[in-house]
1. Test each condition in (1) touching a residue at least 12 places away in the same chain (Cβ under 8 Å); (2) not in a strand (DSSP E or B) for A213 and report the one that comes out false.
2. Does E77 satisfy the condition of being touching a Lys or Arg at 6+ places or on another chain (Cβ under 9 Å) and in contact (Cβ under 8 Å) with a residue 24 or more places away in the chain?
3. I'd like to check which helices (runs of 4 or more DSSP H) are fully inside region 123-194 and have at least 1 residues that are of a type in the set (D, E) and at pLDDT below 85.
4. Among (1) surrounded by 13 or more Cβ atoms within 10 Å (Cβ to Cβ); (2) at positive phi, where does D67 come up short?
5. Residues in region 157-178: is at least one of a type in the set (V, I, T) and under 18 Å from the mean Cα position of the chain (by Cα)?
6. If you scan region 31-46, which residues turn out to be in a helix (DSSP H, G or I) and surrounded by fewer than 13 Cβ atoms within 10 Å (Cβ to Cβ)?
7. Can you name every residue in region 70-96 that is modelled with pLDDT under 90 and touching a His at 6+ places or on another chain (Cβ under 9 Å)?
8. Let me confirm something: among A89, A97, A51, which residue is surrounded by fewer than 17 Cβ atoms within 10 Å (Cβ to Cβ) and under 27 Å from P220 (Cβ atoms)?
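The values are calculated or read from the model by the stated rules, or taken from the named source; none is laboratory data. Keep in mind it's a predicted model, so treat the numbers as computed, not measured. Ideal geometry is used to build each Cβ from the backbone, glycine not excepted, and the neighbour counts take in all protein chains shown.
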Amino acid sequence: MSNLTFTEKRKLEQLLGMKTGYVLDFSDRTFGEFVSDATGRNIFDERYNYASGSKANRLRAFWQKEDNATVGKLMGEMLNYSEQTGPLAEVCRLIVARMLQDGSAVSPAQAQAQDKQQEDLDLKRSQVLRQLKDEFLANSWQERAFAAQKKVHVPAAWWGREDWKKVRDMGRDDRRDAFVDRFKRELSYKSVKAWPIYGRNNGGALMYYMIHATDHPEAPKLMSRAYHATVSPSGPFEQPKLFPEPKNPASEGQEEGTPTQMQQSG
(Lines give C-alpha, C1' and ligand atoms only; values in the text may rest on other atoms or scores of the structure.)
Protein backbone atom coordinates (compact mmCIF):
# COMPACT_ATOMS: atom_id res chain seq x y z
CA MET A 1 0.00 0.00 0.00
CA SER A 2 1.14 3.57 -0.63
CA ASN A 3 1.91 5.90 2.25
CA LEU A 4 -0.05 8.90 1.04
CA THR A 5 -0.99 11.01 4.04
CA PHE A 6 -4.49 12.29 4.72
CA THR A 7 -3.47 15.82 3.70
CA GLU A 8 -1.79 14.61 0.51
CA LYS A 9 -4.92 12.71 -0.49
CA ARG A 10 -7.07 15.81 0.06
CA LYS A 11 -4.76 17.87 -2.14
CA LEU A 12 -4.86 15.32 -4.95
CA GLU A 13 -8.62 14.96 -4.66
CA GLN A 14 -9.05 18.71 -4.88
CA LEU A 15 -6.90 18.97 -8.00
CA LEU A 16 -8.60 16.01 -9.70
CA GLY A 17 -12.14 17.19 -8.85
CA MET A 18 -13.04 13.97 -7.03
CA LYS A 19 -15.65 15.45 -4.68
CA THR A 20 -18.47 14.64 -7.10
CA GLY A 21 -17.30 11.09 -7.75
CA TYR A 22 -15.57 11.89 -11.02
CA VAL A 23 -11.86 12.14 -11.88
CA LEU A 24 -11.03 15.07 -14.16
CA ASP A 25 -13.04 14.70 -17.41
CA PHE A 26 -12.67 10.93 -17.74
CA SER A 27 -15.51 8.71 -18.80
CA ASP A 28 -15.52 5.11 -17.57
CA ARG A 29 -13.92 4.00 -20.82
CA THR A 30 -11.21 6.66 -20.98
CA PHE A 31 -10.49 6.28 -17.25
CA GLY A 32 -9.91 2.57 -17.65
CA GLU A 33 -7.71 3.08 -20.69
CA PHE A 34 -5.68 5.80 -19.01
CA VAL A 35 -4.94 3.77 -15.87
CA SER A 36 -4.09 0.71 -17.94
CA ASP A 37 -1.68 2.63 -20.17
CA ALA A 38 0.03 4.27 -17.18
CA THR A 39 0.30 1.29 -14.83
CA GLY A 40 -0.90 -1.88 -16.55
CA ARG A 41 -3.69 -2.19 -13.93
CA ASN A 42 -7.41 -2.71 -14.58
CA ILE A 43 -9.06 -0.03 -12.47
CA PHE A 44 -12.41 -1.78 -12.85
CA ASP A 45 -11.09 -4.95 -11.29
CA GLU A 46 -13.08 -6.05 -8.23
CA ARG A 47 -10.15 -5.29 -5.91
CA TYR A 48 -10.68 -1.57 -6.55
CA ASN A 49 -14.46 -1.69 -6.07
CA TYR A 50 -14.69 0.58 -3.04
CA ALA A 51 -17.93 2.10 -1.62
CA SER A 52 -20.09 3.28 -4.54
CA GLY A 53 -17.61 2.06 -7.14
CA SER A 54 -17.37 5.52 -8.73
CA LYS A 55 -14.24 6.55 -10.55
CA ALA A 56 -13.17 8.67 -7.56
CA ASN A 57 -13.71 5.81 -5.11
CA ARG A 58 -11.85 3.37 -7.34
CA LEU A 59 -8.91 5.77 -7.44
CA ARG A 60 -9.02 5.99 -3.63
CA ALA A 61 -8.90 2.19 -3.49
CA PHE A 62 -5.98 2.25 -5.92
CA TRP A 63 -4.09 4.57 -3.54
CA GLN A 64 -4.80 2.15 -0.71
CA LYS A 65 -3.79 -1.06 -2.46
CA GLU A 66 -0.87 -0.11 -4.72
CA ASP A 67 2.69 0.82 -3.74
CA ASN A 68 4.26 4.27 -3.88
CA ALA A 69 5.98 3.76 -7.23
CA THR A 70 2.77 2.69 -8.98
CA VAL A 71 0.60 5.37 -7.38
CA GLY A 72 3.24 8.02 -8.02
CA LYS A 73 3.50 7.09 -11.70
CA LEU A 74 -0.28 7.23 -12.21
CA MET A 75 -0.63 10.55 -10.36
CA GLY A 76 2.24 12.04 -12.34
CA GLU A 77 0.57 11.04 -15.60
CA MET A 78 -2.74 12.51 -14.42
CA LEU A 79 -1.11 15.80 -13.49
CA ASN A 80 0.46 16.00 -16.92
CA TYR A 81 -2.86 15.17 -18.54
CA SER A 82 -4.72 17.83 -16.53
CA GLU A 83 -2.27 20.57 -17.64
CA GLN A 84 -3.15 22.48 -14.49
CA THR A 85 -0.80 25.10 -13.07
CA GLY A 86 -0.67 27.17 -9.93
CA PRO A 87 0.11 26.56 -6.24
CA LEU A 88 -2.11 23.48 -5.85
CA ALA A 89 -0.64 21.82 -8.92
CA GLU A 90 2.89 22.52 -7.66
CA VAL A 91 2.04 20.96 -4.29
CA CYS A 92 0.67 17.88 -6.02
CA ARG A 93 3.83 17.58 -8.08
CA LEU A 94 5.83 17.60 -4.86
CA ILE A 95 3.65 14.77 -3.57
CA VAL A 96 4.27 12.77 -6.73
CA ALA A 97 8.02 13.42 -6.53
CA ARG A 98 8.09 12.20 -2.93
CA MET A 99 6.27 9.00 -3.79
CA LEU A 100 8.53 8.24 -6.74
CA GLN A 101 11.58 8.93 -4.60
CA ASP A 102 10.38 6.67 -1.79
CA GLY A 103 9.78 3.88 -4.30
CA SER A 104 7.70 1.68 -2.03
CA ALA A 105 5.56 1.92 1.08
CA VAL A 106 7.11 1.76 4.53
CA SER A 107 5.98 -0.72 7.16
CA PRO A 108 3.38 0.39 9.75
CA ALA A 109 6.05 0.40 12.48
CA GLN A 110 8.37 2.52 10.35
CA ALA A 111 5.55 4.88 9.47
CA GLN A 112 4.65 5.31 13.15
CA ALA A 113 8.26 6.04 14.10
CA GLN A 114 8.64 8.50 11.24
CA ASP A 115 5.39 10.26 12.19
CA LYS A 116 6.57 10.65 15.79
CA GLN A 117 9.93 11.99 14.67
CA GLN A 118 8.25 14.41 12.28
CA GLU A 119 5.82 15.57 14.97
CA ASP A 120 8.70 16.38 17.31
CA LEU A 121 10.53 18.28 14.58
CA ASP A 122 7.35 20.12 13.53
CA LEU A 123 6.76 21.20 17.13
CA LYS A 124 10.29 22.57 17.43
CA ARG A 125 9.99 24.31 14.09
CA SER A 126 6.64 25.88 14.93
CA GLN A 127 8.01 27.31 18.18
CA VAL A 128 11.00 28.91 16.48
CA LEU A 129 8.99 30.06 13.47
CA ARG A 130 6.59 31.92 15.75
CA GLN A 131 9.57 33.74 17.18
CA LEU A 132 11.02 34.51 13.76
CA LYS A 133 7.66 35.71 12.42
CA ASP A 134 7.45 32.90 9.92
CA GLU A 135 8.41 33.77 6.37
CA PHE A 136 9.51 37.38 5.92
CA LEU A 137 12.56 39.36 7.02
CA ALA A 138 12.33 43.13 6.66
CA ASN A 139 15.23 44.82 4.91
CA SER A 140 14.70 48.48 4.10
CA TRP A 141 13.00 49.41 7.39
CA GLN A 142 14.55 46.94 9.83
CA GLU A 143 17.05 49.44 11.29
CA ARG A 144 14.27 51.97 11.88
CA ALA A 145 12.20 49.31 13.61
CA PHE A 146 15.06 48.51 15.97
CA ALA A 147 15.72 52.18 16.68
CA ALA A 148 12.07 52.95 17.39
CA GLN A 149 11.57 50.02 19.78
CA LYS A 150 12.26 51.09 23.38
CA LYS A 151 11.04 47.92 25.09
CA VAL A 152 13.91 45.43 25.22
CA HIS A 153 11.69 42.39 25.60
CA VAL A 154 10.01 43.00 22.22
CA PRO A 155 13.08 42.46 19.96
CA ALA A 156 14.24 39.68 22.31
CA ALA A 157 10.92 37.89 21.80
CA TRP A 158 11.06 38.61 18.06
CA TRP A 159 14.49 36.99 17.70
CA GLY A 160 13.74 34.32 20.29
CA ARG A 161 17.13 34.58 21.97
CA GLU A 162 19.02 37.00 24.19
CA ASP A 163 21.65 37.81 21.56
CA TRP A 164 19.24 39.95 19.54
CA LYS A 165 21.54 43.01 19.84
CA LYS A 166 24.08 41.26 17.63
CA VAL A 167 21.39 40.96 14.99
CA ARG A 168 20.46 44.61 15.42
CA ASP A 169 24.06 45.69 14.84
CA MET A 170 24.61 43.47 11.80
CA GLY A 171 24.68 44.69 8.25
CA ARG A 172 21.71 43.70 6.13
CA ASP A 173 23.49 40.86 4.33
CA ASP A 174 24.83 39.44 7.60
CA ARG A 175 21.37 39.65 9.19
CA ARG A 176 19.87 37.77 6.26
CA ASP A 177 22.55 35.09 6.57
CA ALA A 178 21.91 34.81 10.32
CA PHE A 179 18.26 34.01 9.68
CA VAL A 180 19.13 31.41 7.06
CA ASP A 181 21.67 29.87 9.42
CA ARG A 182 19.11 29.51 12.23
CA PHE A 183 16.68 27.74 9.93
CA LYS A 184 19.39 25.31 8.90
CA ARG A 185 21.07 24.69 12.24
CA GLU A 186 18.18 24.84 14.70
CA LEU A 187 15.34 23.56 12.51
CA SER A 188 17.39 21.12 10.42
CA TYR A 189 15.88 22.15 7.09
CA LYS A 190 17.77 20.66 4.16
CA SER A 191 17.35 23.74 1.98
CA VAL A 192 16.95 27.36 3.11
CA LYS A 193 17.07 30.33 0.76
CA ALA A 194 16.35 34.03 1.24
CA TRP A 195 14.53 35.40 -1.81
CA PRO A 196 14.67 39.21 -2.21
CA ILE A 197 11.37 41.03 -2.70
CA TYR A 198 11.58 44.44 -4.34
CA GLY A 199 9.40 47.50 -4.22
CA ARG A 200 8.29 47.12 -7.82
CA ASN A 201 8.00 44.27 -10.28
CA ASN A 202 10.89 45.63 -12.34
CA GLY A 203 13.20 46.24 -9.41
CA GLY A 204 13.27 49.20 -7.05
CA ALA A 205 14.31 49.11 -3.42
CA LEU A 206 14.88 45.76 -1.75
CA MET A 207 12.01 45.73 0.74
CA TYR A 208 12.35 42.37 2.50
CA TYR A 209 13.42 38.75 2.13
CA MET A 210 11.08 35.81 1.82
CA ILE A 211 12.65 32.87 3.65
CA HIS A 212 11.90 29.55 1.95
CA ALA A 213 12.76 26.47 4.02
CA THR A 214 12.06 22.92 2.89
CA ASP A 215 13.12 19.29 3.24
CA HIS A 216 11.86 18.22 -0.17
CA PRO A 217 14.50 17.85 -2.92
CA GLU A 218 12.17 19.20 -5.62
CA ALA A 219 10.92 22.22 -3.68
CA PRO A 220 13.90 24.56 -4.31
CA LYS A 221 13.49 24.15 -8.07
CA LEU A 222 9.76 24.80 -7.88
CA MET A 223 10.30 27.83 -5.67
CA SER A 224 12.91 29.20 -8.06
CA ARG A 225 10.54 28.76 -10.97
CA ALA A 226 7.70 30.51 -9.13
CA TYR A 227 9.96 33.35 -7.97
CA HIS A 228 11.46 34.11 -11.36
CA ALA A 229 8.04 33.93 -13.00
CA THR A 230 6.50 36.34 -10.50
CA VAL A 231 8.79 38.76 -8.72
CA SER A 232 12.26 38.52 -10.24
CA PRO A 233 13.41 42.04 -11.11
CA SER A 234 14.24 42.73 -14.74
CA GLY A 235 15.83 46.16 -14.39
CA PRO A 236 18.45 47.96 -12.30
CA PHE A 237 17.89 48.24 -8.57
CA GLU A 238 17.40 51.57 -6.82
CA GLN A 239 19.07 52.39 -3.55
CA PRO A 240 16.67 54.13 -1.10
CA LYS A 241 17.51 57.86 -1.22
CA LEU A 242 18.63 59.58 1.97
CA PHE A 243 18.55 63.10 0.50
CA PRO A 244 16.23 64.84 -1.99
CA GLU A 245 17.28 65.19 -5.59
CA PRO A 246 18.85 68.57 -6.53
CA LYS A 247 16.43 71.01 -8.09
CA ASN A 248 18.40 71.18 -11.32
CA PRO A 249 20.16 67.83 -11.81
CA ALA A 250 21.05 68.77 -15.41
CA SER A 251 23.25 71.68 -14.33
CA GLU A 252 25.01 69.58 -11.71
CA GLY A 253 25.60 66.93 -14.32
CA GLN A 254 27.34 69.55 -16.49
CA GLU A 255 29.69 70.53 -13.69
CA GLU A 256 30.71 67.10 -12.48
CA GLY A 257 29.82 64.92 -15.44
CA THR A 258 26.80 62.64 -15.83
CA PRO A 259 27.35 58.88 -15.54
CA THR A 260 27.25 58.64 -19.33
CA GLN A 261 29.78 61.45 -19.80
CA MET A 262 32.08 59.95 -17.20
CA GLN A 263 31.98 56.60 -18.95
CA GLN A 264 32.82 58.23 -22.29
CA SER A 265 35.67 60.31 -20.92
CA GLY A 266 37.10 57.36 -18.97
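1. Among (1) touching a residue at least 12 places away in the same chain (Cβ under 8 Å); (2) not in a strand (DSSP E or B), A213 violates only (2).
2. Judged against the criteria, E77 is not a match.
3. So the answer is 142-148.
4. All conditions are met except number (2).
5. no
6. Looking only at region 31-46, we keep the residues that are in a helix (DSSP H, G or I), and these are 31-39, 46.
Scanning region 31-46 gives D37, E46.
7. Residues satisfying the conditions do not exist here.
8. Numbers: A97 fails: surrounded by fewer than 17 Cβ atoms within 10 Å (Cβ to Cβ); A51 fails: under 27 Å from P220 (Cβ atoms).
Unique residue meeting the criteria: A89.
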